[in-house]
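The values are calculated or read from the model by the stated rules, or taken from the named source; none is laboratory data. Predicted, not measured: the structure shown is a model, and the values here were computed from it. In this analysis, Cβ positions are derived from the backbone assuming ideal geometry, glycine residues included, and neighbour counts consider all displayed protein chains.
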Amino acid sequence: MAKPPPNSTWDPLLLISQIVSMQTLHYLTLSLLVPPLLDLFADPASLEYHGGASSVGMIMDWRQMASSPPSPSPSPDPARGWLLALAWLLTALLDTAYLTLLIRRPRLILDFALTLLFNHLVLTTYYAARVPASAFWWAVVAAGALVMVGGAEQLCVRREMREGLGVGVGVGGTEEEGGLVEMELGERRD
């Protein structure tokens with residue numbers, strides 16, 4: 001196995017902590033958005049039958065978003081699927097800020113966004129004991145991925161352009177004084 005270059009920033013602990021942080025923030029945001037949306041706009045009788053607005057299944061069971069809950073409801077509620085999709089897309093919008101703040105590098109945004117969605121796919125498949133079979137669920141997740149990746153990459157690029165692409169901690173002075181070192185194609189220019 002080849003050794004990484006000496007100036008590589010490979011840090012497995014950092015990567016794992018970023019993945020766990022992203023997953024935690026994603027589910028925390030969903031758990032803060034879903035109950036109020038469902039309490040305000042969903043059918044209360046149908047919600048109560050399926051465990052209420054704060055049920056874990058409202059976030060982890062793909063069948064809830066697909067409006068085909070695991071057990072037949074006495075009063076089906078198609079609005080619940082749309083509300084869960086709205087919560088998912090709002091969460092994806094907020095995930096762009098989390099990705100921008102935690103990951104900070106545009107070239108890593110796609111990797112972290114898809115890792116988050118793959119982990120969600122694994123968890124929701126485990127929770128429901130079935131791979132998601134709803135085209136609506138897949139469309140909402142794909143739209144969320146587009147929002148996350150497109151938005152976070154744009155925000156990261158804007159931040160990098162605003163801060164500059166130099167190496168160092170400050171502008172002016174010499175490298176020993178904490179000044180900016182200009183780099184061009186990996187070679188130092190003095």
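Any idea which of A129, A97, A133, A139 is surrounded by fewer than 20 Cβ atoms within 10 Å (Cβ to Cβ) and on the phi > 0 side of the Ramachandran plot? Talk me through it step by step, then tell me what you get.
Working: A97 fails: on the phi > 0 side of the Ramachandran plot; A133 fails: on the phi > 0 side of the Ramachandran plot; A139 fails: on the phi > 0 side of the Ramachandran plot.
Just a single option satisfies the conditions, and that option is A129.
If we scan the range 115-129, do we find a residue that is among the polar types (S, T, N, Q), assigned to a helix (DSSP H, G or I) and over 20 Å from Q23 (Cβ atoms)?
So the first thing to find is which residues in the range 115-129 are among the polar types (S, T, N, Q), and the list is 115, 119, 124-125.
Checking the rest, the ones that are also assigned to a helix (DSSP H, G or I) come to 115, 119, 124-125.
Right, trim to over 20 Å from Q23 (Cβ atoms) and you get none.
No, the conditions are met nowhere in the range 115-129.
Given the residues V140, V167, V181, which is the only one that is at pLDDT 95 or above and among the β-branched types (V, I, T)? Before you say what the answer is, go through the steps one by one.
Numbers: V167 fails: at pLDDT 95 or above; V181 fails: at pLDDT 95 or above.
Just a single option satisfies the conditions, and that option is V140.
Taking the range 95-113, which residues are in a helix (DSSP H, G or I) and more than 8 Å from the chain's Cα centre (by Cα)?
Here is the first cut: in the range 95-113, the residues in a helix (DSSP H, G or I) are 95-102, 106-113.
Hits for the range 95-113 are A97, T100, L101, L102, P106, R107, L108, I109, L110, D111.
Report whether or not T96 is polar (S, T, N, Q), over 25 Å from P70 (Cβ atoms) and in contact with a helix residue (DSSP H, G or I) (Cβ under 6 Å, 6 or more places away or on another chain).
Working: polar (S, T, N, Q): yes; over 25 Å from P70 (Cβ atoms): yes; in contact with a helix residue (DSSP H, G or I) (Cβ under 6 Å, 6 or more places away or on another chain): yes.
Against the criterion (polar (S, T, N, Q), over 25 Å from P70 (Cβ atoms) and in contact with a helix residue (DSSP H, G or I) (Cβ under 6 Å, 6 or more places away or on another chain)), T96 qualifies.
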